[in-house]
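To start, the structure itself, in structure tokens.
The values are calculated or read from the model by the stated rules, or taken from the named source; none is laboratory data. Since this is a predicted model, take the numbers as computed values, not measurements. Glycine gets a Cβ as well: all are built from the backbone with ideal geometry, and neighbour counts include every protein chain shown. All accessible areas refer to the heavy atoms of the entire protein, side chains included, with ligands and DNA or RNA removed. Shrake-Rupley method; radii C 1.70, N 1.55, O 1.52, S 1.80 Å.
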Amino acid sequence: LDVINSMTQTILVTGGTGFIGSHTTVALQQAGYRVVILDNLCNSSASVLDAIAKITGEKPAFIQGDVRSAPALAKLFQAYRVDAVLHFAGLKAVGESVRDPLAYYDNNVHGSVQLLGAMKQAGIKTFVFSSSATVYGDPQKLPLTEDHPRSATNPYGHTKLIVEDVLENLYKSEEGWRIARLRYFNPVGAHSSGLIGEAPQGIPNNLMPYVAQVATGQRSKVMIFGKDYDTADGTGVRDYIHVMDLARGHVQALRHCLDAEQELLTVNLGTGKGYSVLDMVRAFEQASGKTIPYEFAARRPGDIAACWADTGLAWEKLDWRAEMGIEEMCADAWGWARAGRWWAGPAKRS
Ligand code: NAD
Ligand code: WQD
């Protein structure tokens, strides 16, 4: 019945050709929703649309455009009767945000504000936002609960804090907003088909894509940033979550919002388990059958020792918890990496 009820509902997925947006589009279509993607392709390729169609049998509608463009948004909302918006579009590289903060405030903050303004104009008040565990700063206590104090150590993280606040202000400003602020931990892996996955440009910033490129022979060894953290083996500990588990979490958050009169929900999406860099390297060796050479290097500035989620609220409110472990995360990341479906390169960023 859920599927039948949702058949007619149309969801706008901004950033839908990107890593998390593409996997969530698959999960949404499989749950019976119709998806319209808005993406400016600054960090993804339109070829992802065909890959999604191969998996689900349905090519999502696609508009190449920018969330910062009010006219593009107004046109979109005229052309499609959108029931809810899942907002993934934005920039996400921490180091780049230090070098070019204005690009981050413009894309992530101004972009979100423009999108919300256009939604308000069109009378659409259901919104799911990609926030991040980065808003917890350096954890004072683990596991991280949603009421942990927030702080930002870099411009990227600050954009997430600001948009979280914008959403709270908006929620309080008038009745009827249904908003979910989802704080992702470390999304990894890929769809098990190997047809979609994470396609970072240049040298990957994140651990798992880097490890995958060592396994394929594109890079010679992993540099492990720090071996003297206060953790079991001295390397950094994170809560890695399979991107398809994360995608299912979005479907649940969307359903929750669509069922509510009004709502402002803030919830962690993680597994509740922490693994070290060395754990992940070993799990990837197991999954790929390849040796992953590594070398210890200095700590990366801004890194924290350890971070993992308290997952109780997601279970209570969304009836959701992650199901896949690091074995499946690594197996699917390897399936995607070895298929070698890297696309040509991003459009120029404006
Ligand atoms: P991604 O770069 O793969 O996807 C983002 C997509 O948004 C890309 O396809 C890009 O082309 C598009 N985009 C960027 N700016 C745009 C704009 N102004 N207008 C239209 N489209 C635009 O990143 P992802 O990993 O899929 O992340 C999705 C969201 O989740 C981001 O908001 C990110 O900050 C957040 N997030 C990601 C992680 C992570 O580790 N991947 C963790 C926490 C939160
Ligand atoms: C994981 C661990 C590194 C690369 C980042 C953002 C965060 C969120 C997710 C969006 C750490 C170590 C890494 C390498 C290494 N993004 N590492 N060698 O830093 O937990 O989170 O992505 O919201 O905001 O900060 O993820 O994958 O970069 O690092 O040793 O080449 O791997 O030190 O311990 P991180 P990561």
Charges only on Cβ, +1 for Lys and Arg, -1 for Asp and Glu: so what's the dipole of the range 37-180 about the Cα centre, in debye to the nearest 20?
240 debye
Sites Asp228 and Gln78, calculated FRET efficiency, Cβ-Cβ separation with R0 35 Å, nearest 0.05:
0.05
So the carbon and sulfur contribution to the accessible area of the range 1-150, 1.4 Å probe, in percent, is 53 percent
Working out 0.36 nm times the residue gap between Val113 and Glu58, then minus their Cα-Cα distance, what length gain in nm do you get to one decimal?
16.7 nm
Nothing charged except the Cβ atoms of Lys and Arg (+1) and of Asp and Glu (-1): what's the magnitude of the dipole of the chain about its Cα centre? Round to the nearest 20 debye.
940 debye
Taking the 0 to 90 degree range and rounding to the nearest ten, how far is the long axis of helix 326-339 tilted relative to the main principal axis of the chain, both from C-alpha atoms?
80 degrees
Give me the percent relative contact order of the chain, please, defined on Cα pairs under 8 angstrom at least 6 residues apart.
20 percent
Loop trypsin sites (Lys or Arg not before Pro), the range 33-140, which have at most 14 other Cβ atoms in a 10 Å radius of their Cβ (DSSP):
Arg81
The range 85-141: relative contact order from alpha carbon pairs under 8 Å, six or more residues apart, as a whole percent, is 50 percent
Only sites in a loop by DSSP and with at most 10 other Cβ atoms within 10 Å count here; which chymotrypsin sites (Phe, Trp or Tyr not before Pro) in the range 191-274 make the cut?
none
With a point put 7 Å past each Cα toward its Cβ, work out how far Ser173 is from Ala46 in nm, to one decimal.
3.4 nm
Can you compute the FRET efficiency between Arg300 and Thr8 using 1/(1 + (r/R0)^6), with r the Cβ-Cβ distance and R0 = 35 Å? Round to the nearest 0.05.
0.15
Putting +1 on Lys and Arg Cβ atoms and -1 on Asp and Glu Cβ atoms, find which of His242, His256, Ala152 reaches farthest to the positive end of the dipole of the range 144-274.
His242
Where nothing but the Cβ of Lys and Arg (+1) and of Asp and Glu (-1) is charged, how large is the charge dipole of the range 59-133 around its Cα centre, in debye to the nearest 20?
260 debye
Of all stretches in the chain that avoid GluC sites (Glu not before Pro) placed in a DSSP loop and having at most 12 other Cβ atoms within 10 Å, the longest is 1-173
Per residue, what accessible area does the chain have, given a 1.4 Å probe and all protein chains present, in Å²?
44 Å²
Find the Cα radius of gyration of the chain, compare it with 2.2 N^0.38 Å by division, and give the number to two decimals.
0.94
Per 10 angstrom bin, beginning at 0 and ending with the bin that holds the maximum distance, the Cα pairs of the range 86-166 fall in percents of 18, 46, 28, 7, 0
Can you spot the lysines whose alpha carbon is less than 17 Å from Lys75's alpha carbon? Ignore those fewer than 8 places along the same chain.
Lys120
